[in-house]
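The values are calculated or read from the model by the stated rules, or taken from the named source; none is laboratory data. Computed from a prediction, not measured in an experiment: that's the story for all the values here. Cβ placement follows ideal geometry from the backbone for every residue including glycine, while neighbour counts extend to all protein chains displayed. SASA here: full protein model, heavy atoms, side chains in, ligands and nucleic acids out. Shrake-Rupley method; radii C 1.70, N 1.55, O 1.52, S 1.80 Å.
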Amino acid sequence: MRQLDANEIRKIWRRFFAERGHRIEESAGLVPVNDPTLLFINAGIAPLKGYFDGSRIPKNPRLANIQKCIRTNDIEEVGKTARHHTFFEMLGNFSIGDYFRDEAIEWAYEILTDEQYYGMDPDRLYVTIYPTDEDSRQKWIEVGIPAERIIATEENYWEIGEGPSGPCTEIFYDRGDAFGEHDLDLLKKDIDNDRFVEIWNIVFSQFNAKEGLSREEYPELPNKNIDTGMGLERMAAILQDKKTNFETDLFMPLIDMIADKSGVSYDGQKSHKIIADHIRSVVFAVGDGATFGNEGRGYVLRRLLRRAVKHGRQLGIEGPFLVDLAQKTVAMMKEAYPNLEKSSEFIEKMVIKEEEKFLETLKEGDNILKELIEKGDGVIAGADAFKLYDTYGFPLELTEEYAEAEGVTVDREGFKDHMAMQKERARKAREKTTSMSMQNADFLAFKGESEFIGYRTLSTESTIIKTFDEGVVTAQTPFYAESGGQLADQGTITRNGMTFSVEDVQRLPNGQHFHIIGEHDLHEGETVHLQVDERARRRTMAHHSATHLLYSGLRKLLGEHIGQHGSLVGPDYLRFDFNHHEFPSDETVLALEKHVNEKIAEDIEVGFEEGTIEEARDRGAIAEFGEKYEDTVRMVDMGETLDLCGGTHVEKTSEIGRVAIVSIESKGSGIYRIIALAGERVDAVDEFLAGFLENLHHLENKVSAILEEAEAEDIELSFDDPGAFRFEGSYNDVIRLRKRLAKMQRNVRALEKEFETKRKKRRLADIDEYLDQKDEAGNLVLKTEGLDTETLKSLADRLTEKIGEGVVFLANHTGDKLVFICKSPGAVHAGNLVREAAKIAGGGGGGNPDFAQAGAKDVDKLDDTLRFVKEKLREDPGA
């Protein structure tokens, strides 16, 4: 067997499959594209889903990649086993409707055993298959695996809900007697062990899984596919003859540095392995645009870093140390991932900031945790665990690890109760998987040629070359199909005076533009007139070109680490999502808006050219988020930015008109969203600020109501009316509205306070009017309006002082509430009287013999309540 380092393993993989006609795909970023089911890319197939469900067809149906992956569902196992990792690299080869079982198995055996590739001993290879998959059994025997080393298990079937599915075959390498007994039950029963190491899984994606059907009843896919995955770290351990993955060149330089920093030599300790594993995840995730936070992938990332810090402290490392490991990781991996070096400065900055932030709270949290362990009778209460999480940044899992080390448990259920709205956070921080879409046989089968001519014209006559129930495909079309974040064109298709509205335009799997028009009677071979809505297209072009200038401006103002994380451009507005480690300030957003408008005013000529993907990269072209590019690409040059983009754009930046940013918000996990308007749509800025305006209008109505009420009570109040708001058509409108709203809220609170103060003084000053309402026994039973409880109590005190021995009973009505206050010199039990009175109005309360208070909500019973109290006092003075 050959001795190969990790880079050699990668190079052999790429060379082998390139020689067999595969397009070598670059690894996708770890942050998923338009896939809310994943926090991180977790498998080689994840960024290729569109090819497998038939929504897209690659130019080359043979693909191979080495995909960066992060999985954290088994984070507690890292360091305990030989092979669990959070970050790993998955080597994969894929066939989209091209080769199938025979070639996949032949090539797997060849690359593993041939001396010019990995050169493994074929006698050490074992495979598992699905029990009914006789084709795979026979093929393995044919290539050289004897029947006794082929094990059938029910586990060898891949499906994740409805959609593509099929049997799979797994390849295992026997590491020999030094790693355990030769027991094939380990494979038959899928028991984790160190002797038989799974190195490769080959999935034969040939069926459409459907709910309600057994696997034997699944229909076959129109396109049968191959999906494979091989773990680089496992291969490295075998090819470098290391006991575990952690002793390979992928980890040992990091572990050696950890040993040097801690003074603790490595001898398989868990902490060394956890730190080395977690720093790799942190470096690659931050390098791909993820940021630390308290939810989603940000929470996962923060948890990984904090676990690494915690294990560093267990090894005796007190101060910040992770940035050195981050630098080492970049140095180790930059040959395989050159972009990592370009992001190194940002990665270091983020790691230092996060580690120092954690260390600041860790000491205080440590002390509190020690106190809790000492006082807790073997259990840390859920409320205390929540406080450690909420105040000191201790994830529950970290608290549990500390507790476990001290022989103490944590009340996890109690913690969840105290989490309230946050209790779902840990659950949401685990990856979720959903099925792929089903393949559409009609779309996949259509191979006709359709040409997009919409860069140079907005109308044309063309022939219908294919009809579907929902719409048509024409030989030529000026209609842009939705892609790259740009919405489809709007417009019409006309035949012999009959017009059909184009509702949407989508790309079929083979790239044709499919005009969705709903129910129709159009036929293949007919000539139709296609007309794009010119005004909508012009607005979309302005928004798309403005998006490129926004992106370029963000990178200049905030740093080269800024990446695009989604966009939408259409006729009404543009939306742009990007990553950053903190919420951009108002000053930054204003500077960005100014920068974009300056570029517009420069009247830069927008250039368009085509070239190879390699030429574009050499020139520094920036790719659109989530797009996969063919060998020939279109570049858009706006002077300060060169981008790969197939969208429609203005010819000069001055045609954009002007740009107004109308909002910026956090989408969580370090992703922020800008919404902006361009050109004539800037005049519609008030539509996007309606929430501010509604709140202002509500406050203005509140002011009017207070002033009217004060006037009715002859109370003088003054309020400075700021006047109508005038829009400038810029982000400054957002700032001004926000400030005006905040000032208005403060002023309204002040006005309310002034009104209540003056009303209280007025009510207390008019005490003689109340005294005139005493009954013959000297008792006062009164109804008041709009008094707060404190004023009501003050009034009761004043009245009691004036009337001497009589009972004072006050019933106040404010809104939908009633409040009763009773003061008695002794003959009448105030608590009993208030309680009985409140029951009449559906309330309750009580108190002492001399003072009591109650409340109720049935305001219609107020007069009945007052009558009851008066009669009670008249009939029974000692009530």
I need a count of the residues in region 477-501 that are under 29 Å from A546 (Cβ atoms), open to solvent by 10 Å² or more (accessible area, probe 1.4 Å) and part of a strand (DSSP E or B).
4
Out of everything in region 842-874 that is among the β-branched types (V, I, T) and touching a helix residue (DSSP H, G or I) at 6+ places or on another chain (Cβ under 8 Å), what residue ends up being nearest to D797 (Cα to Cα)?
V869
Go through the residues of region 24-34 one by one and say whether even a single one is part of a helix (DSSP H, G or I) and under 26 Å from the mean Cα position of the chain (by Cα).
no
Breaking point among (1) within 30 Å of A705 (Cβ to Cβ); (2) open to solvent by less than 10 Å² (accessible area, probe 1.4 Å), for G842:
(2)
For region 52-97, enumerate the residues that are hydrophobic (A, V, I, L, M, F, W, C) and in a loop (DSSP other than H, G, I, E, B).
I57, V78, A82
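Yes or no, residue by residue, for (1) assigned to a loop (DSSP other than H, G, I, E, B); (2) out of contact with any Gly (no Cβ under 8 Å at 6 or more places or on another chain); (3) open to solvent by 40 Å² or more (accessible area, probe 1.4 Å); (4) more than 30 Å from E470 (Cα to Cα):
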| site | (1), (2), (3), (4) |
| --- | --- |
| V505 | no, yes, no, no |
| F514 | no, no, no, no |
| D521 | yes, yes, yes, no |
| T547 | no, no, no, yes |
| P571 | yes, yes, no, no |
| L592 | no, no, no, yes |
| D603 | yes, yes, yes, yes |
So F196 ticks every box in (1) more than 19 Å from R101 (Cα to Cα); (2) of a type in the set (F, W, Y); (3) open to solvent by 30 Å² or more (accessible area, probe 1.4 Å) but one. Which box is left unticked?
(3)
Are any residues in region 220-239 out of contact with any Ser or Thr (no Cβ under 6 Å at 6 or more places or on another chain), under 18 Å from H22 (Cα atoms) and open to solvent by less than 10 Å² (accessible area, probe 1.4 Å), and if so, which ones?
T228, M230
Of the conditions (1) under 30 Å from S214 (Cα atoms); (2) part of a helix (DSSP H, G or I), L112 clears all except one; give me its number.
(1)
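Looking at region 115-151 only, could you name the residues that are of a type in the set (F, W, Y) and either under 13 Å from I171 (Cβ atoms) or assigned to a helix (DSSP H, G or I) (or both)?
Within region 115-151, Y118, Y126, W140 qualify.
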Filter region 628-640 for residues that are in a loop (DSSP other than H, G, I, E, B) and open to solvent by 10 Å² or more (accessible area, probe 1.4 Å); the one that is modelled with the lowest pLDDT is K628
Over region 709-728, the set of residues exposed (fewer than 10 other Cβ atoms within 10 Å of the Cβ) and outside any loop (DSSP other than H, G, I, E, B) is A712
Going through region 781-820 in order, the residues found to be within 16 Å of T865 (Cα to Cα) and in contact with a Gly (Cβ under 6 Å, 6 or more places away or on another chain) are T814, V819
Residues of region 646-668 satisfying the condition of being in contact (Cβ under 8 Å) with a residue 60 or more places away in the chain, part of a strand (DSSP E or B) and either open to solvent by 70 Å² or more (accessible area, probe 1.4 Å) or of a type outside the set (S, T, N, Q) (or both):
V659, A660, I661, V662, I664, K667, G668
Could you grab me the full set of residues in region 455-464 that are in contact (Cβ under 8 Å) with a residue 60 or more places away in the chain and either open to solvent by 50 Å² or more (accessible area, probe 1.4 Å) or part of a strand (DSSP E or B) (or both)?
Y455, S459, T460, E461, S462, T463, I464
Any residue in region 552-568 that is buried (at least 17 other Cβ atoms within 10 Å of the Cβ) sitting within a Cβ distance under 8 Å of a residue that is of a type in the set (S, T, Y)? List the pairs, counting only those 6 or more apart or interchain.
S552/T641; L558/T588; H561/S343; I562/Y551; Q564/Y551; S567/T547
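For region 89-125: of the residues being touching a Pro at 6+ places or on another chain (Cβ under 7 Å) and either farther than 30 Å from F40 by Cα or β-branched (V, I, T) (or both), which is surrounded by the fewest Cβ atoms within 10 Å (Cβ to Cβ)? If you could, list the steps in order and put the result at the bottom.
Looking only at region 89-125, we keep the residues that are touching a Pro at 6+ places or on another chain (Cβ under 7 Å), and these are 95-98, 113.
Remaining after also requiring either farther than 30 Å from F40 by Cα or β-branched (V, I, T) (or both): 96, 113.
Values: I96: 24, T113: 19.
The residue in question is T113.
Checking the condition aliphatic (A, V, I, L, M) and at pLDDT 90 or above, which residue from L30, L38 passes?
Details: L38 fails: at pLDDT 90 or above.
Exactly one residue qualifies, and that residue is L30.
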Has region 742-753 got any residue that is among the polar types (S, T, N, Q) and open to solvent by 40 Å² or more (accessible area, probe 1.4 Å)?
yes
